[in-house]
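Participant: Here it is, the structure in full.
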Amino acid sequence: MSTRQAVASITVRSTVRITLLAAFGLLWIALPFWFLVVNSFKTEGDASVLSLAWPSTWNVVDNYRTVLEDGGYLRGLVNSLWIAIPTLAAVLILGSMAAWVYARSNARSLKFAYYASILSVLIPPAIIPTIFVLQELGLNGTRSGYMLTLAGTRMGIVIFLVTGFIRAIPPHIEEAAFIDGASRFGVYRYIVLPMVKPALFVAAVLLSINTWNDFFMSLYLLPEPERATLPVALFQFASATEYTFRWNLVFAHVILTNIPLLLMYVVFQRRVMSGLTEGAVTG
Amino acid sequence: MNIQTDNRPGTDVEPPPQATPASPQSWSSDLGATLRRLSWGPWGRIGFVVPGLILIILFFVLPFTFGSIFAFVDWTSYREELRWAGFDNFRLIGELGVLSHAVKVTAIFAFAVMVIQNFVSLSLAVALQKSSKINSVFRTLFFIPVLMSPLAAGYIWSAILRPEGPLNQLISIVVPGEFDYAWLGHETSALLSVAAIESWKWSGLVTLVYIAGLNGVPTSVLEAAKIDGASAWQRFWRVKFPLMAPAFTFNVVVSLVGSLSAFDVIMSTTNGGPGNATSVLNVALYQQYSQGFFGTSSAISLVVTLLVLCTAVPLVAWLRRREVSM
């Protein structure tokens, strides 16, 4: 009898928990996204009512075509991909190379370099002097200048995560490989790199969210429309009609701007979730 | 041996391994050190560090150093030459009322984000801690806003929060009468609303960090507490919460420090308004910059940096001291 009561109370409790979660999920996630998607399908007049209702007139093709043609979307997409992919690759490779040395050394000079790198995770980038440095290098307003700046300010997170990860692993395998005559780069390429994959994956997830959505630095460093990344293109498109937001078009642009990351998430969802919950962030 | 070698990398010679005298006691550490020195050499290490370090020096350390100088330089787009200005930039933005107001708004914003984000995420983490099919569906769902660009999140929510928008439509169903409060139109509610939007955007990630922290609490300790008759409430606050302190430290620091440099969400919702009620430091910085006042914007940038350092360092020290070591 008491066992049955206990079982019943557990079932009741889990039903209550799931109902509460579902209600919260509905208000917190589902309704905002429903609102976003459904209004991107409406005509301008329909969308200005800002309701959750089904569209009375479907205007999908027109809205999305306007965004693709007038919203600078395709140009923004090409710019964003052109910038994000090489930057991400460079940051992950150069960051993990440095992290290996930092993790396996006690030299004071290297410790100093390590802490300087870690500090860049905490301290926000000083944007005006960055423009000055880029001007001196002749790179201000160029994609490569922006990419180098992104790399320099984002590498700290890779170094932080990977150094912590390597320190937890004894150096025996690397030493054995050195005894067998492997070169430094060979050990990095065939032993260290495969070993740190979990930490690099977490870093890659955080960095792709961070670089794809970067608006602050790209607004300062790439303000010209031809070179604008997607967030800046979205901002310029939405601000073009300051006082009468055409919500249907703004929402269509919002969806198209975020769709690449959301698609990646659909593909890697399980690995992203397990990678982040295994505590790689807290170290 | 190892440390000694490392301190003088320039003097390293690469002797053959047999040349190392191997006394029986220190044999293994000597061999390890020799091997390391052999394999790295003085330049090998540097070759691995330098490419990344150059980028960090050029685009983080150098701007950081210059920034501290530019804050004291009279530099506008209206004049060619730069002039030493002492504290004039700070005095100028101080007299305009920009500085103290922006610092106050930023501090309130950051504190509100920290409270909302950690409250929502900790509650979600407790509800979703166990790995089950339904929980992983919820975790996946609550993570979606993390992927959204903060700018986009701002556009979505500024529509939702409009007087005629869906939030007030929903409230009107529950509350009798027409409810048409302008959430982003009043000073206090605008500031709290943008803080809530910022929290909405990040709480999925914070939740995962808390789940990792909760999963790190050993079950044996929890079972012992249960046998001793501790209630679920006591088990959470007296056992789990102290033992997951590193996750709490991390989340509090990251949410506070991150929102001290908030920009995107505010640009796409209120643009600093109404009036300048949501004009945080980075928004004020952009306003100064777009008017061509580079000296004063450098001064604001330096204030952001100082604010971050003055928040993070004591906070980490204080929270670390409260952490229980296992």
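Participant: What three numbers, in Å, describe the spread of the alpha carbons of chain B along their principal axes, ordered from the longest?
Facilitator: 90, 74, 31
Participant: Can you give me the Kirkwood hydrodynamic radius for chain A, using every pair of distinct Cα atoms, in Å to one decimal?
Facilitator: After inverting the mean inverse Cα-Cα distance, the result is 22.4 Å.
Participant: Please state the relative contact order of the range A:66-277 as a whole percent: Cα pairs under 8 Å, 6+ residues apart?
Facilitator: Reported as a whole number, the value is 34 percent.
Participant: Grab the other residues whose beta carbon is less than 15 angstrom from that of A:E224, score K and R as +1, D and E as -1, and report the net.
Facilitator: Surrounding charge for A:E224 is +2.
Participant: In the range A:203-282, if every C-alpha pair distance is counted and binned at 10 Å from zero, what percent goes to each bin?
Facilitator: Calculated over all Cα pairs of the range A:203-282, the distribution is 16, 37, 29, 15, 2 percent.
Participant: Something else about it: Give the order of A:L276, A:L68 when sorted by the count of other beta carbons within 10 angstrom, beginning with the fewest.
Facilitator: A:L68, A:L276
Participant: Continuing with this model, one more query. Could you bin all the Cα-Cα distances of the range B:142-293 into 5 Å bins starting at 0 and give me the percent of pairs in each, rounded to whole numbers?
Facilitator: 2, 9, 13, 14, 13, 12, 10, 10, 8, 5, 2, 1, 0, 0
Participant: How large is ³J(HN,Hα), in whole Hz, for each residue of the range A:25-34 in order, when computed from phi with the Karplus curve 6.51 cos²θ - 1.76 cosθ + 1.60 and θ = phi - 60°, using x for Gly and Pro?
Facilitator: Coupling constants for the range A:25-34: x, 5, 6, 7, 10, 5, 5, x, 6, 4 Hz.
Participant: Given springs between every Cα pair under 10 Å in a Gaussian network model of chain B, which of B:L141, B:L192, B:L243 has the largest fluctuation?
Facilitator: Maximum among the listed residues: B:L141.
Participant: Let me confirm one metric for peptide A:97-107, namely the mean number of other chain beta-carbon atoms within 10 Å of its residues' beta-carbons.
Facilitator: Partner Cβ neighbours, averaged per residue: 6.
Participant: What is the ratio of the Cα radius of gyration of the range A:1-72 to 2.2 N^0.38 Å, where N is its residue count, to two decimals?
Facilitator: Output field value: 1.90.
Participant: For the protein assembly as shown, place one equal point scatterer on every Cα, skip the solvent, and apply the Debye formula. What is log10 of I(q)/I(0) at q = 0.10 Å⁻¹?
Facilitator: For the requested q values the scattering log ratios are -0.98.
Participant: Hey, got a sec? Which trypsin sites (Lys or Arg not before Pro) in the range A:176-283 land in a DSSP loop and have at most 12 other Cβ atoms within 10 Å?
Facilitator: Hits after loop and neighbour filter: nothing returned.
Participant: Counting Lys and Arg as +1 and Asp and Glu as -1, each charge on the Cβ, what is the dipole of the protein assembly as shown about the Cα centre in debye, to the nearest 20?
Facilitator: It works out to roughly 1980 debye.
Participant: Considering only lysines 8 or more places apart in sequence, or on different chains, count the pairs in the protein assembly as shown whose C-alpha atoms sit under 30 Å apart.
Facilitator: Close lysine pairs found across the protein assembly as shown: 14.
Since every read-out is calculated from the coordinates, none of them should be taken as a lab result. None of these values were measured; they are calculated from a predicted model. All Cβ positions, glycine included, derive from the backbone under ideal geometry; neighbour counts span all protein chains shown.
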